[in-house]
1. Just one of B:Gly70, B:Gly43 is modelled with pLDDT of 95 or more and outside the structural domain of B:Arg182 (by TED's automatic domain parsing); which is it?
2. Can you tell me which residue in the range B:314-370 is surrounded by the most Cβ atoms within 10 Å (Cβ to Cβ), limited to those that are touching a residue at least 60 places away in the same chain (Cβ under 8 Å) and acidic (Asp, Glu)?
3. For D:Ala109, indicate whether it is crowded, with 24+ Cβ neighbours inside 10 Å and in contact (Cβ under 8 Å) with a residue 60 or more places away in the chain.
4. Does D:Leu213 qualify as being under 16 Å from the mean Cα position of the chain (by Cα) and more than 11 Å from D:Val362 (Cβ to Cβ)?
5. Every residue in the range C:239-255 that is over 18 Å from D:Ala218 (Cα atoms), assigned to a loop (DSSP other than H, G, I, E, B) and at the interface with chain D (Cβ under 8 Å from one of its Cβ atoms), please.
6. Restricting the first residue to the range D:87-100 and requiring it to be over 9 Å from D:Leu64 (Cβ atoms), which pairs with a second residue that is surrounded by fewer than 21 Cβ atoms within 10 Å (Cβ to Cβ) and of a type in the set (S, T, N, Q) meet a Cβ separation below 6 Å and a spacing of at least six or different chains?
7. What are the residues in the range D:292-302 that are touching a residue at least 60 places away in the same chain (Cβ under 8 Å) and surrounded by 19 or more Cβ atoms within 10 Å (Cβ to Cβ), if any?
8. Give A:Gly125, A:Gly129 a once-over and let me know the one that is more than 14 Å from chain B (Cβ to nearest Cβ), in contact with a Cys (Cβ under 8 Å, 6 or more places away or on another chain) and either more than 30 Å from B:Ile254 (Cβ to Cβ) or more than 16 Å from ligand 4 (Cβ to nearest atom) (or both).
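The values are calculated or read from the model by the stated rules, or taken from the named source; none is laboratory data. Given the structure is predicted, the values throughout are model-derived calculations rather than measurements. For neighbour counting, all protein chains shown are included, and Cβ atoms are generated from backbone atoms with ideal geometry for every residue, glycine included. Surface areas here come from the heavy atoms of the whole protein model, side chains and all, with no ligands, DNA or RNA. Shrake-Rupley method; radii C 1.70, N 1.55, O 1.52, S 1.80 Å.
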There are 4 protein chains.
Amino acid sequence: MLRLGMVGGGQGAYIGNIHRLASRLDGQWQLVAGAFDVDPERGRAFAISQGLDPARSYGTYAELIAGEAGREDRVDAVAICTPNFTHYPIAKALIEAGFDVICEKPLTATLEDAVALEKLARESGRFVGVTYTYSGYPMVHEARVRVARGELGAIRTVQVEYPLEWMATAIEQSGNAQAAWRTDPKKNGRGGSIGDIGTHAYHLAGFVTGLTLESLTADLATFVGGRALDDNAHVMMRYQGGARGLLWSSQVAIGNSNGVRLRVFGEKGSLQWFQEQPNELVFTPLDGRVQIIKRGADDLSEDARLRIRTPPGHPEGYLEAFANLYAGFAEAIRARQEGREPSLLGQNLPLAYDGLKGVAFVEAVVDSHEAEGQPWLTPVAV
Amino acid sequence: MLRLGMVGGGQGAYIGNIHRLASRLDGQWQLVAGAFDVDPERGRAFAISQGLDPARSYGTYAELIAGEAGREDRVDAVAICTPNFTHYPIAKALIEAGFDVICEKPLTATLEDAVALEKLARESGRFVGVTYTYSGYPMVHEARVRVARGELGAIRTVQVEYPLEWMATAIEQSGNAQAAWRTDPKKNGRGGSIGDIGTHAYHLAGFVTGLTLESLTADLATFVGGRALDDNAHVMMRYQGGARGLLWSSQVAIGNSNGVRLRVFGEKGSLQWFQEQPNELVFTPLDGRVQIIKRGADDLSEDARLRIRTPPGHPEGYLEAFANLYAGFAEAIRARQEGREPSLLGQNLPLAYDGLKGVAFVEAVVDSHEAEGQPWLTPVAV
Amino acid sequence: MLRLGMVGGGQGAYIGNIHRLASRLDGQWQLVAGAFDVDPERGRAFAISQGLDPARSYGTYAELIAGEAGREDRVDAVAICTPNFTHYPIAKALIEAGFDVICEKPLTATLEDAVALEKLARESGRFVGVTYTYSGYPMVHEARVRVARGELGAIRTVQVEYPLEWMATAIEQSGNAQAAWRTDPKKNGRGGSIGDIGTHAYHLAGFVTGLTLESLTADLATFVGGRALDDNAHVMMRYQGGARGLLWSSQVAIGNSNGVRLRVFGEKGSLQWFQEQPNELVFTPLDGRVQIIKRGADDLSEDARLRIRTPPGHPEGYLEAFANLYAGFAEAIRARQEGREPSLLGQNLPLAYDGLKGVAFVEAVVDSHEAEGQPWLTPVAV
Amino acid sequence: MLRLGMVGGGQGAYIGNIHRLASRLDGQWQLVAGAFDVDPERGRAFAISQGLDPARSYGTYAELIAGEAGREDRVDAVAICTPNFTHYPIAKALIEAGFDVICEKPLTATLEDAVALEKLARESGRFVGVTYTYSGYPMVHEARVRVARGELGAIRTVQVEYPLEWMATAIEQSGNAQAAWRTDPKKNGRGGSIGDIGTHAYHLAGFVTGLTLESLTADLATFVGGRALDDNAHVMMRYQGGARGLLWSSQVAIGNSNGVRLRVFGEKGSLQWFQEQPNELVFTPLDGRVQIIKRGADDLSEDARLRIRTPPGHPEGYLEAFANLYAGFAEAIRARQEGREPSLLGQNLPLAYDGLKGVAFVEAVVDSHEAEGQPWLTPVAV
Ligand SMILES: NC(=O)c1ccc[n+]([C@@H]2O[C@H](COP(=O)([O-])OP(=O)(O)OC[C@H]3O[C@@H](n4cnc5c(N)ncnc54)[C@H](O)[C@@H]3O)[C@@H](O)[C@H]2O)c1
Ligand SMILES: NC(=O)c1ccc[n+]([C@@H]2O[C@H](COP(=O)([O-])OP(=O)(O)OC[C@H]3O[C@@H](n4cnc5c(N)ncnc54)[C@H](O)[C@@H]3O)[C@@H](O)[C@H]2O)c1
Ligand SMILES: NC(=O)c1ccc[n+]([C@@H]2O[C@H](COP(=O)([O-])OP(=O)(O)OC[C@H]3O[C@@H](n4cnc5c(N)ncnc54)[C@H](O)[C@@H]3O)[C@@H](O)[C@H]2O)c1
Ligand SMILES: NC(=O)c1ccc[n+]([C@@H]2O[C@H](COP(=O)([O-])OP(=O)(O)OC[C@H]3O[C@@H](n4cnc5c(N)ncnc54)[C@H](O)[C@@H]3O)[C@@H](O)[C@H]2O)c1
């Protein structure tokens, strides 16, 4: 088993608990250390409540680094599950102290930080995985493989969206912790919905199609009064080679719990994947019938099979997808430790450069909007 | 019964037959005269094959006008079911000869013609209905009424799309008549997919929300080699008052037979209507459950009820929607003949000004694209 | 055009209006005579309100027979749209007077009447069509053809159901005319839900599979207090050759508007057709993918194509299905008048013998229930 | 953490791995001992491959009992994941040796064994949980609570089905281990599809509705040549108090991966839960709209909330449901160990008596079929 440390994800936090559940599923990771909370005291108490060794129940990430650095059984990697603006200092400190890192998205809150962090990751040789969750779903891998194999021919247009409803009113003003920092430009970064979830949609589209963004033009809106950042974003995209894309992210789209939806249209067919029915890929060949490719079907790619735990008809979901990222990170980290190439499971993972691309995309979207859509902009990293 | 004449819609034509079926459904219209084909001989033969009086089986629309003008039992209205570029001369001649007109969309192939025709309609006092089909569906009326009543609160964003797959290859080069003129700028106008179907999506969004477009920015693409017009269009829209919209039209979206889909998000709820499941409206109130409003439900508006012929669970479709337009046109024309206000059925119909707005929208989209998206453009009529 | 007469279907009646709309759609039938109401005065007034010649606005079906018999332009066929118990006397009188008949289901209210009517039809040589509506849907024909072609191999089991919700409370006690006679054994016959809608489900299953029922065992229930007939029926069926079936009909299944659903499983594949999404057939081959066969797809059978009026993606529904029955009846009647074989459109129609089978099925279900399910019963006609 | 032992579930086995994944998810169970295979050597090797202590990698369940009995840190419970006919001897031996047991369904292969085992469980005071998987889903609990609260009023009819496709051909003859023992009456018991999956459907219906079966009549079929047991079962059920039920199980229903579907109709509303979309409950109140109750919605019962790990829109599935059973078993076992009442999580669990009812149901179905459906039979335990 690999030893996992965690920063953030304390009492009442959202994503940290998902990391804990997911990392446990396959029995490959054991959580052994953590600095879970911005409040050191609460963080230590929480660590102990999770059954951690009090000696490894840290108050701050600095303590964690100091405490783990000297141990024989030091953590193999640390997951960063804190608000966006803290990713950079925490990741930097961890990398510089020689730890592998699993960082939440967006990689950082500013483009400057993202550029610096990606450079540091590259030059240090540390492993830096970024939890673009949706790329953990087996049927998303299946889609990627089918596009890469040419089953759709040249891609023409990509429709991707990520609407949510939870911020349809000003919940940040009535004590919702998650909404509070997400609407604060200093903690969140410049992109509201586009930075929080649009970045997932952008990554998903690129991950499946393999396309590289060429330029974009965008329109942001803030619908909830008193909010400093966008809560709805529309983006038109042009990919290298001529494909086009349309991206919508929204935090105010009533009726949408977590509506990640991707549709890819090529000259020979189309693929559709909706996160709320993640076990299916809808495939239509040119002049053929709409077909359902089920998770677990006999003709799935090896890439998808590796990420499946139950037979077709037995739904798998979000935790399993997240667990697939953890399984992939485990393999990639082990391969480095053992000085070998990772197996398929450790490939096609979201890494630091993907994180940088995501931040560059968000920045370009905001820039485009502020420039009133003119001219079409090219993100600094694509 | 009202007497109907038709121009276009001859042997092998698409929409003319739909007009014939739909106008017949309620027993309020009788087709009595026609100039059905660009080839006069074929047109006359077709008219006779349809059981028309040979005396009213005309070779050209000019003959039809001449022949009908002098009759006691002259047609009450003439439906124009010809390719776009002929709408203007035909409609103009009919109006000037004193006929009411039911014109296919887009109203005309050029903005100049649309402006002129709308002016002519207004000044002549003739009835000019435009067959924006989707506004004939009862659940689209229901959506419109619910938005107008404030059930969604202020509208925030509108997602509307109209993808098709039938032109995913160059069928215009192998004898498909409908594709041939639609890809010829002279016959179709400047907007390919945006002019052919984007105009439906634009009308539908405006019809349901009651919003007025303020400006737009657009990106067109032509994916099929040798095609002179766009076959895929992405449009970002800003409505007066701050609402935003995203519109996608495509003629190359494999897997989509006739994928008209509208989603409207407001501060108090959302509505969703998909044409391929037209008997349902999906409604979600803020903090409430997703609900299915069925066609025929007890609490529907009078506007919707009037346009329903069967109980819930008995699917109604495209022809019934089209028949609703014809029922509305009949009521509006009768009301004029009788010098009274039309009943509810004769209200909220797509008329010449809606047709003009549609053409202005298409022109602005093409202009925006040609200007590389800058600046945000305001159509001449909104 | 063929000339249609109608008995029943007066003011406020349900199915008569559907017959009028459907018969009009293709311009092949003209309603010219009617005795629309059990109240002669109301019937005549209604006829006139429908634009009929007062001379052909009859008070009773006897008057209609007398009046039409002597005319040159007498009706070609008469549609019977009255409550069940009147079908037999009306149909008998019409046939004996030499009229072709289109009779609503169930053919009669008693088995005795059904046997007699079928015999009369056979011996008289008159055309007797029965409006088993669901066999008018093009995708039901498509299913039938695919089964007949062997695409499913030998059929194993058939799951068919017809749940409704409208009689979930005792609406018959508060003035609902349709519910009132349906819950009166004298007017309706012995089978409540099973006679009213179970008979549709039984016909649909047999129509698509071509299977002949061998025996059945059934369990009826009456859930609404004060009701004399079943409002929920469960039936287990054995078909000749070994296939099995399960049939459920209910008038009290809240949430179901008109839930006709058929699933057929064979050794080589399965087919599924749900009436509320009638434009699709879901097909799964052994070891293959779930596929959507769309109405209008290129590879449809001629049988289905003939019954389609719009392209794929343009929903067709209940009225179009009903119109297909009328189109078929028209072709069958014309073929007889012209002494020729009917074309494909005039074949595979529900006729008197199908009506008899339906009544025999209902009677066997009630008998089985009353005998507490023992022994498995064979209907008199299968 | 509780210590788990396992019998069965070795290399290539199906359900044992699910138990391992599910028991791990919440970090409450640790697998520490196992006799995983019918082949002792393979079993020991597999145990070691799973990281177990070689001292606790047993060759047989007898060895496991002997080995664990003497340990301080002996297992808290043992999961039985072997073919049906072995459940009884293994469970008996474990209980007699004082171990708590988690037993796969069906509880035993014969009614005699089930009666004996249930008695033993009762009298010994040992915990015996039975993994009726579908009762682990949060939305199934939600349905149960809503029925119990009276939201549907008195239940009228229950439609439950469990179709599968994997045994549509004679895969048992070509080396499929799972199919081989399932088609062998000695190893599986008398009920083929009804014993394997019908028992799930029966439990699910009873679990949600709280109804007690009164009698049943059934029809079994064997469609695949050479098979000794039914592969398709139809059952009509009468519940105490007058409700009715229809149950279908099939191993040959092409197109169905794992089609567990439950629909419950009461006098005041209906509920629908489909396992392949497990995160939704479809609710329709009398005279109201069809509504989607989402997993994670604000107004869920405490019973459901306790069994949820992610927010609405983040799909949970089969493993999470299974993990909920394990979480419940953990709470129930701890409560016994601590001599207190279990919290809500440890209530409403499938226990030995539920297992007995399941076996009694299967036996009654087979008896009814063999008696040609006469008379309606009452299972020995309901
Ligand atoms: N991958 C996904 O789908 C996904 C989903 C949700 C959130 N996220 C990302 O996860 C991150 C956290 O989001 P969340 O919604 O869980 O936030 P949250 O507010 O629920 O939790 C943040 C946690 O971090 C702790 N924390 C803050 N600063 C800290 C510090 N300096 N040291 C230690 N702990 C500190 C807080 O005490 C809290 O426990 C964000 O970057 C967010 O974008 C990703
Ligand atoms: N409302 C809708 O949803 C909808 C759908 C399809 C088409 N349309 C519109 O309907 C119009 C026709 O489209 P279509 O697909 O049916 O075209 P089509 O090519 O199938 O038919 C055009 C018909 O017009 C006839 N015609 C051409 N010029 C004529 C003339 N000068 N005089 C008389 N007849 C003439 C042709 O002979 C042919 O019969 C177009 O404007 C199109 O945009 C609308
Ligand atoms: N095919 C289908 O799907 C379908 C659907 C609904 C009804 N039906 C069948 O249609 C028939 C009518 O049902 P409904 O729901 O329309 O009934 P209804 O009560 O709505 O209408 C019956 C009509 O028949 C008239 N009538 C009664 N006795 C008459 C007589 N002796 N002479 C003339 N008119 C008479 C009544 O005045 C009334 O106008 C029934 O047999 C029913 O089973 C079939
Ligand atoms: N809850 C559910 O949804 C569900 C699903 C599948 C199977 N099951 C049940 O689980 C049980 C196992 O089914 P499966 O499909 O996993 O079977 P399987 O054939 O895949 O696995 C059975 C395993 O038991 C081992 N085994 C057999 N006899 C043994 C013995 N005496 N000692 C130790 N190990 C022994 C075999 O070597 C094998 O590893 C059955 O009772 C089945 O009904 C339940």
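1. The conditions single out B:Gly43.
2. B:Glu320
3. Taking the combined requirement at face value, the residue satisfies it.
4. On the way: under 16 Å from the mean Cα position of the chain (by Cα): no; more than 11 Å from D:Val362 (Cβ to Cβ): yes.
Against the criterion (under 16 Å from the mean Cα position of the chain (by Cα) and more than 11 Å from D:Val362 (Cβ to Cβ)), D:Leu213 does not qualify.
5. C:Val252, C:Ala253, C:Ile254, C:Gly255
6. Final answer for the pair search is D:Ile95/D:Ser124.
7. If the condition is that a residue be touching a residue at least 60 places away in the same chain (Cβ under 8 Å) and surrounded by 19 or more Cβ atoms within 10 Å (Cβ to Cβ), then D:Ile293, D:Arg295, D:Leu300 are the ones that fit.
8. On the way: A:Gly125 fails: in contact with a Cys (Cβ under 8 Å, 6 or more places away or on another chain).
Answer to the selection: A:Gly129.
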